[in-house]
Structures are given as C-alpha cells and as structure tokens.
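I have placed the structure first, in the form of structure tokens, so that the comments after it can refer back to it.
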Amino acid sequence: NSLLIVWFLGPAVLAIYSRQRSLVLSLFSFVRHYAFVLIPRSSHLDARGDDRGLQQLLIDCSKYGLYIALPPILGLAIMGRPLLEVWMGKDYAAPLVLATFALGNLLVIAQIGTYSILMGMGRHGWPVVYGAAGAICSATLGYLSLKLGAGMLGPALAISIAMLISDGILQPYYA
C-alpha cells in the first residue's frame, strides 16, 4: 500500500501516512517480542498431549493480550493528534488515519500470542496462508480505494480490515 500511496498521492503523503502506521507497528513489535515466551510453553504442552493446558494458555494469552493492547490503542485513537503534533509537528497529524490503524489492529495485537502458541505447536502454516491472503486483499482494496479517491484513509482501512480478518478473526478461530 505504501507504493500505491506514492504512485497515487506522492511521497510527501507517504511520509504522513507512514508516521501514523509506525506508531501502531511499534506497539505491535513490543507485544510480539513479549509473546515469544509462549513458544516453548506451548511446545511443551503439545509434546505432553495436554490439550486442556493448551486451551487454557490460549484463553489466558488472548485475555491478557487484550488487557495489554486496549489502553495504548485507545490512547492512540483518542490522543493521536496531540502526540503526533508534539512528535513530528502539525503537518504530520492525520488523526483519522491513526485511529483507523489503531482500532483496526486492536484484535490483531491482542491475538499475537495466539500465533506464538501455534508456532510452538508447529501449526502456524494456515495462519501464514491467511496472512498472505490478507496482504493480497489489502493491496487490492488499497488500489481500489485510491482509484476512487479515498486518499490516505482508503489504504489504512484496507490494511486494517484485511489484518482484522486474517490475524484477528481467522487465526484465533483456527487456533
């Protein structure tokens, strides 16, 4: 979608768009690094055949993932404009795009632990397929939205919707 933004809207708009996305990606990266600790635990439970333990681990990691993700996501959605104005200046604030990324990634970030559990079990193949399909859908929706003149919000919605479906809904359902 970044390449599409440059093509349709120019590199200056990409700089603004990228700042909004980078705040949410920073949170994603933070949670993902802490979720890696679930890989050995889920591998151990799977090797022992402890399905009840795996189910409880999945429930706990989803619950605590939401506890971790909700406050910063709401903070970005509500206070994104002042944060961006202090960090980058008024010209880089696009609060609706930031709120779209933040709220659209709430379930995705909350379910990062689910992927770690599936990795520990060696069953992360389908979620990778879901992610690839989501990327294709995101690019397609991003292109269509830019072609229709949606500006930066179109690709933000495209990415958020595709990731919500692939990583926030299908992946936990598979797990």
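Just so it is clear, none of the values below were taken in a lab; they were calculated from the coordinates. Since this is a predicted model, take the numbers as computed values, not measurements. No Cβ is skipped: glycine too gets one built from the backbone with ideal geometry, and neighbour counts run over all protein chains shown.
If you fit an axis through the alpha-carbon atoms of helix 153-163 and take the longest principal axis of the Cα set of the chain, what angle between them do you get, 0 to 90°, nearest 10? Compared with the principal axis, the helix lies near 10 degrees.
Calculate for the chain the 222 nm mean residue ellipticity that helices alone would give, adding -39,500 (n - 2.57) per DSSP H run of length 4 or more and normalising by residue count, nearest 500 deg cm²/dmol.
Values: 10 runs with 144 residues, N = 175.
When only DSSP H runs of four or more count, the value is -26500 deg cm²/dmol.
Cβ-Cβ distance of Arg81 and Leu148, R₀ of 22 Å, FRET efficiency by 1/(1 + (r/R0)^6): the value works out to about 0.30.
Structural size metrics of the chain, computed from C-alpha coordinates, are Rg and Dmax of 17.4, 55 Å.
With R₀ set to 25 Å, the beta-carbon distance separating Tyr174 from Tyr34 gives a calculated FRET efficiency near 0.70. Rounded if a/c is under 1.5, else prolate if a/b beats b/c, else oblate: with a ≥ b ≥ c from the C-alpha gyration tensor eigenvalues square-rooted, which is segment 72-175? Oblate, because a/c is 1.5 or more while a/b does not exceed b/c.
Efficiency by 1/(1 + (r/R0)^6): what FRET value for His44 and Ala135, r their Cβ-Cβ distance, R0 = 35 Å, to the nearest 0.05?
Values: r = 32 Å, r/R0 = 0.91.
Here the calculated transfer efficiency is 0.65.
Look at the Cα gyration tensor of segment 1-73: its axes a ≥ b ≥ c give a/c of at least 1.5 with a/b over b/c, and that counts as prolate. A protection proxy built from the mean count of other Cβ atoms within 10 Å ranks the segments 153-159, 82-88, 20-26, most packed first, as 153-159, 20-26, 82-88. Each of Ala12 and Lys63 was given a label point 7 Å from its Cα along the Cα-to-Cβ line. The distance between the two points is 5.1 nm. The alpha carbon gyration tensor of segment 79-132 gives principal lengths a ≥ b ≥ c with a/c of 1.5 or higher and a/b greater than b/c, which makes the shape prolate. The modelled label-to-label distance for the pair Leu74/Asp91, using points 7 Å beyond Cα in the direction of Cβ, is 3.5 nm. Positive contributions from Lys and Arg (+1) and negative ones from Asp and Glu (-1), summed over other residues with Cβ under 11 Å from the Cβ of Leu98, come out at +3.
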